[in-house]
Amino acid sequence: MTVVRIGTRGSELARAQTGMIARELEKRGAQTELVIIATEGDRSTAPLASLGGAGVFVAALREALLDGRVDVAVHSLKDLPTAPAPGLAIGAVPKRVDARDALCARDGLTLETLPEGARVGTGSPRRVAQLRARRPDLEIVDLRGNVDTRLGTVASGELDAVVLAVAGLDRLGRLEVVTDFLDINPWPTAPGQGALAVEVRAGEEKLVAALDHKTSRVTAEAERRTLALLEAGCSAPVGAHAVIDDGLLFLSARVYGPDGHITSSHALYVSDSKDPATELAERVSAELFDQGAADLIGATA
Ligand SMILES: NCc1[nH]cc(CCC(=O)O)c1CC(=O)O
């Protein structure tokens with residue numbers, strides 16, 4: 001039997017995610033082998049925005065796919081640039097997990113109960129803007145590194161709290177560190193957060209098609225199309241969230257300015273469109289532009 005070689009970044013989270021995909025493929029009769037690929041995003045400790053933002057975590061994995069060193073690459077969907085990659089295809093978006101962000105604070109503190117001037121770590125412009133909007137008094141500290149490193153700054157007392165994705169903590173079995181789950185409605189997260197993308201060479205989608213989960217693909221697609229239409233990259237201050245309820249697609253998105261100013265928020269639905277993700281993304285992004293989104297995205301780029 002042929003072995004499916006699955007490429008992954010080396011971080012603990014990436015290996016956990018890839019391991020889950022490998023097990024799903026094995027359940028369906030495949031034999032798999034994990035191949036660890038170092039990416040520029042892992043090697044460098046420079047601020048993400050200065051590394052060229054879009055795709056620092058994925059370029060090396062894509063090269064490995066294109067030159068045949070691996071057959072499948074597993075990404076966090078929110079790290080994947082929205083532009084299509086020539087020669088490659090997203091063969092599956094598996095069932096998505098929790099899309100929320102979480103506060104992980106010392107002493108069980110929440111966003112409400114953090115003391116004035118508390119030090120909160122994040123490297124994401126969206127999370128910075130959301131923190132400023134909610135708690136202008138906090139001291140926000142730029143923070144990068146893997147999930148363990150970030151949690152370590154709270155354990156050591158260097159920071160009072162960090163903001164992380166629930167999905168990553170869940171996949172690492174670390175949900176016990178969460179002290180405040182941040183409701184998605186006032187706190188929409190990165191387009192595609194909580195979903196994985198299983199990428200293959202174009203034409204080889206069959207390899208992983210069985211793992212595709214339609215609802216997850218369509219909701220993540222609506223969010224990512226909104227981001228693409230706003231011409232905003234993966235580090236842009238854009239939060240978006242879509243759900244499918246009773247066959248209807250709902251999408252809401254917010255764009256944040258540098259002072260925590262929120263442009264707008266939207267919820268729309270369509271019932272009978274052939275491509276509801278595209279239709280909704282077009283309507284939502286047009287409304288955001290009408291309300292000045294272009295200026296906000298430009299101001300924080
Ligand atoms: N940018 C890093 C990254 N990419 C995906 C996740 C979490 C898993 C996910 O959202 O699917 C994280 C960590 C975080 O934001 O806390």
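Calculate the dipole size of the range 101-182 relative to its Cα centre from +1 charges on Lys and Arg beta carbons and -1 charges on Asp and Glu beta carbons; express the result in debye to the nearest 20. Write out the running numbers ahead of the final one.
Details: 11 positive and 13 negative charges, 68 e Å.
It works out to roughly 320 debye.
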**Per residue Cα convex hull volume in Å³ - calculated over the range 227-300** = 77
**Request:** Take each of the peptides 279-289, 207-217, average the number of other beta-carbon atoms within 10 Å over its residues, and list them starting from the highest.
**Result:** 279-289, 207-217
**Asked** What is the packing order of peptides 247-259, 26-38, taking the mean over residues of other C-beta atoms within 10 Å and listing the highest first?
**Response** 247-259, 26-38
**Asked** What whole-number value in cubic angstrom gives the convex hull volume per residue for the C-alpha atoms of the range 101-182?
**Response** 80
**Message:** Just to confirm a number: summing +1 for Lys and Arg and -1 for Asp and Glu over residues other than residue 218 whose beta-carbon lies under 13 angstrom from that of residue 218, what do you get?
**Reply:** +1
**Message:** I need the Debye-formula profile for the chain: one equal scatterer per C-alpha, no solvent, reported as log10 I(q)/I(0) at q = 0.08, 0.12, 0.15, 0.16 1/Å, two decimals.
**Reply:** -0.34, -0.79, -1.23, -1.38
**Request:** Using 0.36 nm per residue of separation minus the Cα-Cα distance, give me the extension gain between residue 36 and residue 210 in nm, one decimal.
**Result:** 60.3 nm
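Fully extended, how many nm does the chain gain between residue 28 and residue 144 (0.36 nm per residue separation, minus their Cα-Cα distance)?
Using 0.36 nm per residue and subtracting the Cα-Cα distance, I get 38.1 nm.
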**Request:** Starting with the highest mean, order 190-198, 121-129, 178-186 by the number of other Cβ atoms within 10 Å, averaged over the residues of each peptide.
**Result:** 190-198, 121-129, 178-186
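Is it possible to state the helix-based mean residue ellipticity at 222 nm for the chain, with each DSSP H run of 4+ residues giving -39500 (n - 2.57), the sum divided by total residues, to the nearest 500 deg cm²/dmol? What is it? Let's see the in-between values first.
Details: 9 runs with 92 residues, N = 301.
Value at 222 nm, helices only, nearest 500: -9000 deg cm²/dmol.
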**Asked** When the dipole is taken about the Cα centre of the chain, and only Lys, Arg (+1) and Asp, Glu (-1) are charged at their Cβ, what size is it in debye, to the nearest 20?
**Response** 680
**Descending principal axes extents, the range 73-132, alpha-carbon based, whole Å** = 51, 22, 15
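Just for the chain, what percent of DSSP beta bridges are antiparallel, to the closest 5? Working shown, then result.
Working: 29 of 43 bridges.
If we restrict to bridges inside the chain, about 65 percent are antiparallel.
Throughout, read-outs are computed from the coordinates displayed, never taken from laboratory work. Because the structure is predicted, anything quoted here is derived from the model rather than measured. Please note: Cβ atoms are built from the backbone with ideal geometry, for glycine as well, and neighbour counts cover all protein chains shown.
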